[in-house]
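The values are calculated or read from the model by the stated rules, or taken from the named source; none is laboratory data. Small disclaimer: the values here were computed from a predicted structure and weren't measured. Reconstructed Cβ throughout: ideal geometry from the backbone, glycine too, with neighbour counts over all protein chains shown. Calculation scope for accessible area: heavy atoms of the full protein, side chains included, ligands and nucleic acids excluded. Shrake-Rupley method; radii C 1.70, N 1.55, O 1.52, S 1.80 Å.
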Amino acid sequence: MFSDADAAALYDLMYPWDVARYPSDAFHHDLVMAADAVLDVGCGTGSMLHHARECGHSGRLAGIDPNRAALERARRRTDIEWYEGTAADVSWDREFDLATMVSNAFQCLVGDDELRASLAAIRTALRDGGRFTFETRHPQARAWEGWTPGNPDDRNAADVVDASGRALRVWHEVESVVGDVVTFTETTAEADGAVLRVDRTSLRFLDVPALNAFLAEAGFAVEGQYGDWFRGPVTGASQVIVTIARRT
């Protein structure tokens with residue numbers, strides 16, 4: 001058995017929030033700590049907001065995510081607001097200074113209607129002049145081509161020991177690339193290759209013009225857009241698009 005709760009716990013093991021180790025985490029952390037009221041859209045297990053509170057953030061922190069098992073882990077802290085669902089499911093009106101979507105969560109907004117609804121809800125949740133920060137993988141880097149091809153013996157597969165001491169192997173396999181949408185599976189198996197779980201995900205890889213068109217349509221102005229976590233420009237070699245947009 002490998003439950004949703006097991007998967008959520010494994011995520012925290014494989015992708016810990018660490019501002020000293022990961023420049024992406026430090027980038028978002030600085031913005032969160034400078035804002036009085038923060039909404040984290042796609043908060044997952046809540047690691048970013050947990051860390052902000054541990055570092056002394058005394059304002060309002062709220063997280064929303066459709067994954068119930070992830071939220072159960074997030075709710076280990078009761079001094080943060082947690083909501084199950086998507087941004088479009090909740091009607092916040094000018095309540096936050098900053099909204100975030102970290103760890104490439106923005107790419108999970110695959111369809112045009114879903115993307116527009118989420119952006120509209122995030123804008124409505126922000127106070128006048130409030131900011132929305134997020135990142136996406138730059139499509140020019142074609143990150144999906146470097147993901148493992150599905151062979152559990154591949155040297156790029158991730159080996160991890162979970163909280164119960166069970167040795168696991170996790171790998172990915174791209175199923176399709178249709179336009180700017182990549183669909184892939186993530187397989188979790190025991191060390192001997194016995195498959196415990198297969199999850200399927202689709203991600204959207206928007207380039208800068210398409211991304212900024214959606215933002216403008218939703219009522220956002222791009223305040224800053226970077227090709228790395230040190231606020232360098234977006235270039236032909238950039239692997240990421242980091243965006244700070246302001247509600248207009």
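You will find that of Gly46, Gly56, Gly42, the residue that is open to solvent by less than 20 Å² (accessible area, probe 1.4 Å) and not β-branched (Val, Ile, Thr) is Gly46 and no other. For the stretch 211-227, the tally of residues that are assigned to a loop (DSSP other than H, G, I, E, B) and without any contact (Cβ under 8 Å) to a residue 60 or more places away in the chain stands at 0.
Would you mind stating whether Asp65 is within 15 Å of the chain's Cα centre (by Cα), surrounded by 16 or more Cβ atoms within 10 Å (Cβ to Cβ), of a type in the set (D, E, K, R) and more than 21 Å from Val240 (Cα to Cα)? Yes, satisfied. Out of Val195, Val161, Val177, one residue alone is open to solvent by 60 Å² or more (accessible area, probe 1.4 Å), touching a Pro at 6+ places or on another chain (Cβ under 9 Å) and either of a type in the set (A, V, I, L, M) or modelled with pLDDT of 95 or more (or both). It is Val195.
Under the condition of being open to solvent by less than 60 Å² (accessible area, probe 1.4 Å) and either in a helix (DSSP H, G or I) or among the basic types (Lys, Arg) (or both), the residues counted in the stretch 75-87 number 1. Contact map, the stretch 106-134: residues that are closer than 21 Å to Thr201 by Cβ paired with residues that are outside any helix (DSSP H, G or I) and aromatic (Phe, Trp, Tyr), Cβ distance under 9 Å, separation 6+ or inter-chain. Pairs shown: Phe106/Phe134; Gln107/Phe205; Leu119/Phe132; Leu119/Phe220.
Taken residue by residue, the stretch 88-108 has no member that is in a strand (DSSP E or B), open to solvent by less than 40 Å² (accessible area, probe 1.4 Å) and more than 19 Å from Gly46 (Cα to Cα). Every condition in (1) farther than 19 Å from Asp25 by Cβ; (2) touching a Pro at 6+ places or on another chain (Cβ under 9 Å) is met by Ile64 except one, and the failing one is (2).
Taken together, Thr136, Thr235, Thr201 contain a single residue that is within 30 Å of Trp92 (Cα to Cα), of a type in the set (Val, Ile, Thr) and open to solvent by 30 Å² or more (accessible area, probe 1.4 Å), which is Thr201.
For Asp18, the stated conditions hold: it is surrounded by fewer than 21 Cβ atoms within 10 Å (Cβ to Cβ), at pLDDT 95 or above and more than 14 Å from the chain's Cα centre (by Cα). Once the stretch 21-34 is narrowed to residues that are aliphatic (A, V, I, L, M) and part of a helix (DSSP H, G or I), the residue that is most open to solvent (accessible area, probe 1.4 Å) is Met33. In this entry, Ala163 passes the filter for residues that are of a type in the set (A, V, I, L, M) and outside any strand (DSSP E or B).
Every condition in (1) in contact with a Ser or Thr (Cβ under 7 Å, 6 or more places away or on another chain); (2) open to solvent by less than 20 Å² (accessible area, probe 1.4 Å); (3) part of a loop (DSSP other than H, G, I, E, B) is met by Ala8 except one, and the failing one is (3). Within the stretch 178-229, if we keep just the residues that are of a type in the set (Ser, Thr, Tyr) and over 17 Å from Thr136 (Cα atoms), the residue that is nearest to the chain's Cα centre (by Cα) turns out to be Thr185.
Residues in the stretch 91-114 that are over 14 Å from the mean Cα position of the chain (by Cα) and under 18 Å from Gly219 (Cβ atoms): Ser91, Trp92, Asp93, Arg94, Glu95, Phe96, Asp97, Leu98, Asp112, Asp113, Glu114.
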